[in-house]
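What follows is a set of notes on a single structure, which appears directly below.
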Amino acid sequence: MAERLNRAAVVARAAQLADEIGLEELTITKLARELGVTPPGIYRHVTDLADLRRAIGGLAAREAAAELATACAGLSGAAALAALAAALRAWAKRHPARYAALQEAPDPDDAEGSAAAEALIAVMATALRAYGLAGDNLTDAIRLIRSTLHGFIALEGGDGFKQRRSVEASFERIVAALDGVLVGWGR
């Protein structure tokens, strides 16, 4: 199997394994076992565990960008925001480790990681175009949305909601509140 390995295949299998066992549990040795090679076989494709995690983050950004773009296609305003929020939440549930890796911004000298992150931010910006935001207003609005959704996703993933109130109802209300804030954001 080692002949067919390349960086993309190693990163893809690492992302899958991390989603199964957790990003913090991922090691080069565990990945090597999964791929049927020795750890030095992995080091031919990644520098170290930090490099592997950065690559998983880049993969996650590309995957999330594609999924969010599909979810938001043809929508605008509140509908686009709701689709974006729901798609990110669903993707994070399916890919918890990739989602975790996505939370660390790439180093400025990481051209591939930065391009992947910028593509994801561009999808978000496109979904928000109906709000008429630009420049710092757009950057701040995207940070608001990311922060709010991340908090909800993290609490939900950590079993942080035990109240009787429907989690779905709360999520819908939060997204509606974001819409209300964004309508007046740039004014």
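The values are calculated or read from the model by the stated rules, or taken from the named source; none is laboratory data. Remember, it's a predicted structure, so these values are computed and weren't measured experimentally. Heads up, the Cβs are rebuilt from the backbone with ideal geometry, glycines too, and the neighbour counts pull from every protein chain shown. In case anyone asks, the SASA skips ligands and DNA or RNA and just uses the protein heavy atoms, side chains included. Shrake-Rupley method; radii C 1.70, N 1.55, O 1.52, S 1.80 Å.
Can you give me the accessible area per residue for segment 8-142, using a 1.4 Å probe, in Å²? Intermediate values should be presented prior to the final figure.
Working: 6290 Å² over 135 residues.
Heavy-atom SASA per residue in segment 8-142 reads 47 Å².
Between 0 and 90 degrees, rounded to the nearest ten: what's the tilt of helix 49-72 against the longest Cα principal axis of the chain?
Between helix and principal axis, roughly 40 degrees.
Round to a whole number: what % of the accessible area of segment 95-142 belongs to carbon and sulfur, probe 1.4 Å? If you can, show how the numbers build up before the last one.
Values: 1340 of 2500 Å².
The nonpolar share, carbon plus sulfur, comes to 53 percent.
Taking the highest mean first, how do the peptides 152-160, 164-172 order by number of other beta carbon atoms within 10 angstrom per residue? Before the final figure, lay out each step's value.
On the way: 152-160: 13.8, 164-172: 11.4.
Ranked by mean Cβ neighbours within 10 Å, highest first: 152-160, 164-172.
So what does R62 come to for accessible area, using a 1.4 Å probe and Å² rounded to 10?
So the heavy atoms of R62 present about 100 Å² to solvent.
Please compute the volume of the convex hull spanned by the alpha-carbon atoms of segment 1-49 and report it per residue in Å³.
Numbers: hull volume 3.0 nm³, N = 49.
Each residue corresponds to 62 Å³ of Cα convex hull volume.
With the contact rule set at Cα under 8 Å and sequence spacing of 6 or more, what percent relative contact order holds for the chain?
Details: 177 pairs, mean separation 41.7, N = 187.
Contact order relative to length: 22 percent.
Per DSSP helix of 4 or more residues, -39500 (n - 2.57); summed, then divided by the residues of the chain. What does that give at 222 nm, rounded to the nearest 500?
Counting only the DSSP helices, I get -23500 deg cm²/dmol.
Residues with beta-carbon under 11 Å from that of A97, excluding A97: net charge, scoring Lys, Arg +1 and Asp, Glu -1?
Numbers: positive: R53, R94, R98; negative: D19, E20, E24, E25.
Within the 11 Å Cβ shell, the charges total -1.
Can you give the Rg to Rh ratio for segment 52-173, taking only C-alpha atoms and Rh from Kirkwood? Please report the intermediate quantities before stating the final value.
Values: Rg = 14.5 Å, Rh = 14.9 Å.
Looking at segment 52-173, the ratio lands at 0.97.
Taking just the C-alpha trace of segment 11-109, give me its Rg and Dmax in Å.
In Å, with Rg to one decimal and Dmax whole: 15.4, 51.
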